[in-house]
Amino acid sequence: MGISVKEDEGRVTALLSGEIDHHNAPLLRAEIDNALERLRPEELVLDFGEVSFMDSSGIGLVIGRCKLMKDIGGRVMINNAGNSIKKVMKLAGLDMLTTIC
């Protein structure tokens with residue numbers, strides 16, 4: 001599990017890698033939320049390009065960030081999700097909450 005957070009004007013991009021499960025989701029959440037609370041961006045981009053596995057904790061991570069961004073008047077974009085992760089996201093209905101690119 002890894003995360004790199006990039007901060008641009010009006011946008012926070014979280015580059016996620018490895019596995020997202022119940023062991024590391026709280027750490028990812030804390031790192032992302034810290035940047036969101038400090039910067040209050042218009043957009044959060046969650047980049048799943050290097051994520052190899054995601055369980056329901058990853059779904060919860062995305063849903064929670066969607067709620068937080070809605071509360072501050074922003075939006076969430078999901079980028080580079082592999083086919084299997086994209087399928088899980090769509091089955092969970094995340095495509096109704098956010099844009100999956």
Please go through region 25-54 and give me each residue that is over 13 Å from the mean Cα position of the chain (by Cα) and either under 22 Å from K87 (Cα atoms) or surrounded by 15 or more Cβ atoms within 10 Å (Cβ to Cβ) (or both), ordered by number. L39, P41, S52, F53
Based on what the data block shows, is I3 at pLDDT 95 or above, of a type outside the set (K, R) and surrounded by 15 or more Cβ atoms within 10 Å (Cβ to Cβ)? no
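Across region 8-57, what is the number of residues that are in a strand (DSSP E or B), in contact with a strand residue (DSSP E or B) (Cβ under 8 Å, 6 or more places away or on another chain) and not aliphatic (A, V, I, L, M)?
Narrowing region 8-57 to residues in a strand (DSSP E or B): 8, 11-20, 43-54.
Imposing the further condition that a residue be in contact with a strand residue (DSSP E or B) (Cβ under 8 Å, 6 or more places away or on another chain) reduces the set to 11-20, 43-54.
Among the residues that remain, those that are also not aliphatic (A, V, I, L, M) are: 11, 13, 17-19, 43, 47-50, 52-53.
Number satisfying all stated conditions: 12.
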Here is a check on your reading of the model: is R65 at pLDDT 95 or above, basic (K, R) and open to solvent by less than 20 Å² (accessible area, probe 1.4 Å)? yes
For region 74-101: of the residues being in contact with a Lys or Arg (Cβ under 8 Å, 6 or more places away or on another chain) and assigned to a loop (DSSP other than H, G, I, E, B), which is farthest from A25 (Cα to Cα)? G74
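The values are calculated or read from the model by the stated rules, or taken from the named source; none is laboratory data. The structure displayed is predicted, hence computed values, not measured ones. Note: ideal-geometry Cβ built from the backbone for every residue, glycine included; neighbour counts use all protein chains shown. Remember, those area values only see protein heavy atoms, side chains included, never the ligands or the DNA or RNA. Shrake-Rupley method; radii C 1.70, N 1.55, O 1.52, S 1.80 Å.
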